[in-house]
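S.K.: What follows is a single structure, and I will ask about it in a moment.
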């Protein structure tokens with residue numbers, strides 16, 4: 001871990017971090033989920049072309065026997081094969097009913113699959129849009145941080161200039177105060193010398209007056 005004063009090491013560390021960040025952004029951009037070009041379509045609907053004919057033809061109608069010996073013959077045959085006709089009719093009825101029921105089921109199944117595919121495709125489109133916006137947002141972090149760094153650097157430069165200006169003003173005031181103190185000291189010293197000289201003159205004058213009084 002470089003120290004705060006090791007500018008070269010700090011610069012190298014920042015450049016390495018920038019490279020890793022850009023590489024991570026590249027990997028994230030490549031990992032965006034795209035809507036495939038061969039996205040599946042809903043399956044075709046049920047084939048209903050024979051449904052209507054089946055509903056019309058499932059019931060077997062036996063023609064009337066008629067008269068005469070042929071009629072009696074047909075009646076006897078019909079009685080003999082009647083169980084088979086009834087069994088075939090029951091089979092036809094069950095088959096047609098089963099087909100009719102499954103047609104509606106097939107329709108609903110196709111509609112459900114189609115709706116699910118639409119929802120899935122819309123979800124993938126929204127996910128792709130969100131991931132793209134996320135990559136764009138992350139790409140703006142570095143310029144934003146650089147702008148903040150420049151802003152902080154500008155503030156620090158302004159603060160440094162203000163501190164220097166205050167320091168210069170304090171230095172000027174300190175020098176002015178020292179000069180005034182020196183002048184004051186010189187004035188007091190000169191005043192003391194004058195007072196000492198005046199005191200000496202007063203003493204000399206007092207001595208002269210005393211000597212004059214003692215003279216007869």
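S.K.: Can you tell me the FRET efficiency between residue 33 and residue 6 if r is taken as the Cβ-Cβ distance and R0 is 41 Å, rounded to the nearest 0.05?
M.R.: It comes to 0.40.
S.K.: Which length gain, in nm to one decimal place, applies between residue 24 and residue 182 when the Cα-Cα distance is subtracted from 0.36 nm times their residue separation?
M.R.: 50.0 nm
S.K.: Can you sort 29, 122 from fewest to most other Cβ atoms within 10 Å of each residue's own Cβ?
M.R.: With the fewest neighbours first, 29, 122 line up as 122, 29.
S.K.: Please give the contour-minus-distance gain from residue 198 to residue 120: 0.36 nm per residue of separation, less the Cα-Cα distance, rounded to one decimal in nm.
M.R.: Full extension of this stretch gives 16.7 nm more.
Only the coordinates and a few stated rules stand behind these numbers; no lab work does. The structure displayed is predicted, hence computed values, not measured ones. So basically every Cβ, Gly included, is an ideal-geometry build from the backbone, and we count neighbours across all protein chains shown.
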